[in-house]
Amino acid sequence: MNPRPSVASALAGVPSATTALSLFSLSHRVALVTGGHGGIGLEMALALAEAGAVVYCLDLPSTPDADWVKVQGAAAPGRMEYLKGDVTDQKALWDAVEDIVKKEGRLDVCIANAGIYGGHGCLDYPGEDLRKVLDVNVAGVFFTAQAAGRQMQKLGTPGSIILIASVAGTVSPKGVVAYNVSKSSVLQMAHSLAIELAPLGIRVNSISPGFIDAGCVQNIRIWLRGCFF
């Protein structure tokens, strides 16, 4: 009869925490996060940097605020950089992503997160406001994916493009028809891009966050009550 193994010998066969975490390491990887100045964009950028990536946060403000700079200081072992940019400007966005690749030599991850809200009753929704939401949330997401995919194709390296959709793309709250439509479009966009880019080794996925108390929705609990009741 074989003797019962000791605890030490049993644990010797278990991978260490460091080894397990290394499976998810993004060391020597470069990422882009649009809408990375605050909210969930900033949190995702920090998470990527904590996993070792160099992360470029692209957003509208000319310079990052003190909160962003504070988060940047915690971005280790990776690092965070800030870029001013508008996702609705296709050419400028393509150029900005190309500049990242020229500087860093690669692009591995892109998170198309930039988006805006906007609430009006469906019968009174102003056309200008509707077009603005769709311009940022649909065209802007598409232009971001384009910009990243073009560079990944040029580099000949596999990559990951993640589109931030929303539960509102599936379950529709009241009073935000443009937002609901835009996020539903992002879901279908992810399917279409995934089919086209898979042969290049580029994965495209979408994430549908729930209701988050971020910059685009203030007093979220009060707002939620009005959406569904």
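Among residues of the stretch 189-201 that are modelled with pLDDT of 95 or more and surrounded by 11 or more Cβ atoms within 10 Å (Cβ to Cβ), those with a Cβ under 8 angstrom from a residue that is among the polar types (S, T, N, Q) and in a helix (DSSP H, G or I), sequence gap 6+ or separate chain, pair up as 200/153.
Does residue 73 satisfy being surrounded by fewer than 20 Cβ atoms within 10 Å (Cβ to Cβ), farther than 30 Å from residue 174 by Cβ, at pLDDT 95 or above and small (Gly, Ala, Ser)? Before the answer, list the steps.
Working: surrounded by fewer than 20 Cβ atoms within 10 Å (Cβ to Cβ): yes; farther than 30 Å from residue 174 by Cβ: yes; at pLDDT 95 or above: no; small (Gly, Ala, Ser): yes.
Considered against the rule, which asks whether it is surrounded by fewer than 20 Cβ atoms within 10 Å (Cβ to Cβ), farther than 30 Å from residue 174 by Cβ, at pLDDT 95 or above and small (Gly, Ala, Ser), residue 73 comes out as no.
Which of the residues belonging to the stretch 21-44 are free of Cβ contacts under 8 Å to residues at least 60 places away in the same chain, within 24 Å of residue 98 (Cβ to Cβ) and of a type in the set (Gly, Ala, Ser)? Matches in the stretch 21-44: 27 only.
Checking each residue in the stretch 108-155 for being of a type in the set (A, V, I, L, M) and in a helix (DSSP H, G or I) picks out 130, 133, 134, 136, 138, 139, 141, 145, 147, 148, 152, 155.
For the stretch 46-72, a residue qualifies if it is among the hydrophobic types (A, V, I, L, M, F, W, C), within 14 Å of residue 110 (Cα to Cα) and either in a loop (DSSP other than H, G, I, E, B) or in contact (Cβ under 8 Å) with a residue 40 or more places away in the chain (or both), and the qualifying residues are 48, 53, 54, 58. The residues of the stretch 140-175 that are of a type in the set (Ser, Thr, Tyr) and either farther than 22 Å from residue 99 by Cβ or crowded, with 22+ Cβ neighbours inside 10 Å (or both), listed by number, are 144, 166, 170, 172. Are there any pairs with C-beta distances below 7 angstrom linking a residue in the stretch 84-102 that is within 19 Å of residue 64 (Cβ to Cβ) and assigned to a helix (DSSP H, G or I) to a residue that is of a type in the set (Phe, Trp, Tyr) and modelled with pLDDT of 95 or more, with the two at least 6 apart or on different chains, and if so which? Close Cβ pairs (under 7 Å, with a partner that is of a type in the set (Phe, Trp, Tyr) and modelled with pLDDT of 95 or more) amount to 93/143; 100/56. Criterion applied to 130, 93, 107, 123 was being surrounded by fewer than 16 Cβ atoms within 10 Å (Cβ to Cβ) and out of contact with any Pro (no Cβ under 6 Å at 6 or more places or on another chain), and the one residue passing it is 123.
The values are calculated or read from the model by the stated rules, or taken from the named source; none is laboratory data. Treat the numbers as computed from the prediction; the structure is a model and nothing was measured. As a convention, Cβ positions derive from the backbone with ideal geometry for all residues, glycine included, and neighbour counts pool all protein chains shown.
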